[in-house]
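Derivation of every value follows stated rules applied to the coordinates shown; laboratory data play no part. This one's a predicted model, so the numbers in the text were calculated from it and none came from an experiment. Here the Cβ positions follow ideal geometry from the backbone for every residue, glycine too, while neighbour counts run over all protein chains shown.
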Amino acid sequence: MRTVAIVGASLGGLRTAQELRSQGYDGRVVLVGEEAHRPYDRPPLSKAFLAGTADREALDLLEPDDDRELDVDYRLGVRAEHLDPANGRVLLSDGSELLADGVVIATGGRARPLPGTEGVAGVHTLRTVDDALRLRDELTSGSPRVVIVGAGFIGAEVASTCRTLGLDVTVLEALETPLAPILGAELGAACARLHGDHGTRLLCGATVDGLNTVADGPHGVRVTGVRLANGDEIPADVVLIGIGMIPATEWLAGSGLTVGNGVHTDSGLVAGPSTVVAVGDVARYASVSTGRHVRHEHWTNASEQAGVAVANLLAGHTVRHYVPSGYVWSDQYSVTIQIAGHPAPSDEVVFVEGSTEARTFVATFQRDGETVAVFAMNNAKLFNRLRRQAIRRPAPAA
Ligand SMILES: Cc1cc2nc3c(=O)[nH]c(=O)nc-3n(C[C@H](O)[C@H](O)[C@H](O)COP(=O)(O)OP(=O)(O)OC[C@H]3O[C@@H](n4cnc5c(N)ncnc54)[C@H](O)[C@@H]3O)c2cc1C
């Protein structure tokens, strides 16, 4: 293998380049990225970077010295527009084409827009550093009233950051209990209570019907409020849409790869031909324990997958299977939430230490008499111990 093209110059793409080198590959590595930036970290975008307490350099995933070791040929500010896997051809938006013996799909995803809100001034989504800079500009101009649509982790983190900036914040959540489809009602409610503790208004069961706007310049409109399906109107100067992401697979249309809510791969992240692998938020891999295709949208997952994908790419067939640790964290208000394993809302939640009232606790998720996940709020020490000792690793499907 002489050339590997990695499409997507973010966490998954960079970790793959690093794994290629550490697993002994000494050929050419081309890293193609639609954003003009070198690989940077997204978690601070909703936290310290948005608050203005971390600067741009703090986001960088590479130290200047790393470049010599990695020896990567960057193609930044260029989008991949088509993949021909049989011939290892990647067509780029600048009209050029790349020929590669191996292709890594690491294109992550884009923030999911709320239909009817695109192009309205004051309405934001948050996925990139440029999104974060635009949002920060508006949050720090005067004292805008902020409405956040969606009480998932990113919505909750932005709400928390807005409160540290002293802003008036309302979070709208369509579910009766935020996060309940993942964590179950009891732990979802424990997360939801953090909003009220810190002066954020959380409205659950709230469906957005549309925006109220005023004319803004000759052609545009600016948001003044959010209308709910029950007829209520919430005044807003800034709105963040935090309703998830859409995997970036449009460039794979016509490639012959199986695409649908991500790129389908086998349990070793191989996407059909043995010369194409996928990693990170875009990879929808066959779970080794259930055989079902699953996708994760977490930092640790993108990092962990790179080693497996590279081993299989270099071997020319699947020699390693991906078994995720399922580690996720979120910093909101005064707490750090940590999850490891694979919780389901139907699992029994058993409190090991602390209580939801104290906002400091560790709980396990029990299924068929075994611990399948650990959840902690502000108790990293016990969380890490249980994470190492208690969680059952998924067994390969028969
Ligand atoms: C605001 C925010 C906060 C987060 N906080 C946490 C957290 O606290 N904890 C946690 O576990 N996870 C967090 N995450 C999730 C974590 O950042 C992602 O799981 C991780 O970034 C996934 O990396 P990736 O490389 O797979 O995809 P991405 O980071 O999405 O990168 C994909 C890259 O590919 C590029 N691309 C897309 N299409 C093309 C194309 N056709 N051609 C070329 N380039 C293309 C994109 O522009 C992008 O740069 C957060 C995410 C966000 C957005």
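If a paramagnetic tag sat 7 Å from the Cα of Ala253 along the Cα-Cβ line, which residues of segment 87-108 would have the backbone N under 17 Å from that point? Counting backbone N atoms under 17 Å from the label point, the list is 91-93. Here the Karplus relation 6.51 cos²θ - 1.76 cosθ + 1.60, evaluated at θ = phi - 60°, turns the backbone of segment 282-298 into coupling constants of 8, 7, 10, 9, 7, 5, 5, 8, 10, x, 6, 7, 9, 9, 10, 10, 9 Hz, with x for every Gly and Pro. Modelled this way, with points 7 Å down the Cα-to-C-beta line, the labels at Ser346 and Thr207 are 2.6 nm from one another.
Size of the dipole of segment 113-241 about the Cα centre, Lys and Arg at +1 and Asp and Glu at -1 on the beta carbon, nothing else charged, in debye to 20?
It works out to roughly 140 debye.
Let me know the shape class of segment 113-241, please: from the alpha-carbon gyration tensor, a ≥ b ≥ c as square roots of the eigenvalues, rounded when a/c is under 1.5, otherwise prolate if a/b is greater than b/c, or oblate. Because a/c hits 1.5 or more and a/b exceeds b/c, segment 113-241 counts as prolate. Look at where the Cα atoms of segment 44-93 and of segment 219-248 average out, and the two centres are 30 Å apart. Each Cα pair under 8 Å and six or more residues apart adds its sequence gap; the mean of these over the residue count of segment 113-241 is a relative contact order of 31 percent. Beta bridges assigned by DSSP with both partners in the chain are antiparallel in approximately 60 percent of cases.
Here the spin labels are modelled as points 7 Å beyond Cα on the Cα-Cβ line, and at Asp67 and Met1 they lie 2.6 nm apart. Mean separation of Cα pairs under 8 Å and 6 or more residues apart, divided by the residue count, gives segment 334-389 a relative contact order of 37 percent.
Site pair Val319 and Asn378 shows an inter-label distance of 4.8 nm when each label is modelled 7 Å from Cα along Cα→Cβ.
Couplings 3J(HN,Hα) of segment 326-332, computed from phi: x, 8, 9, 10, 8, 9, 9 Hz, in residue order, whole Hz [Karplus 6.51 cos²θ - 1.76 cosθ + 1.60, θ = phi - 60°; x for Gly and Pro]. Annotation: amide H-H contacts under 5 Å for Ile243 (H modelled 1.01 Å from N, sequence separation of 5 or more, or interchain): Arg112.
Multiplying the residue separation of Ser143 and Asp232 by 0.36 nm and subtracting their alpha-carbon distance yields 29.8 nm. Between amide H atoms placed 1.01 Å from N, distances below 5 Å from His37 occur with Gly77, all of them 5 or more places distant or on a separate chain.
Were the residues from Thr224 through Asp55 laid out at 0.36 nm apart, the gain over their Cα-Cα distance would be 57.8 nm.
Taking the Cα centre of the chain as reference, the dipole from Cβ charges on Lys and Arg (+1) and Asp and Glu (-1) amounts to some 740 debye.
Summing charges over all other residues whose Cβ lies under 12 Å from the Cβ of Asp73, with Lys and Arg as +1 and Asp and Glu as -1, gives 0.
Of the three principal axes defined by the Cα atoms of the chain, the extents in descending order read 63, 59, 39 Å.
Where does the charge balance sit around Leu20 when Lys and Arg score +1, Asp and Glu -1, over other residues with C-beta under 14 Å from its C-beta?
-3
Using C-alpha pairs below 8 Å separated by at least 6 residues, the relative contact order for segment 1-97 is 28 percent.
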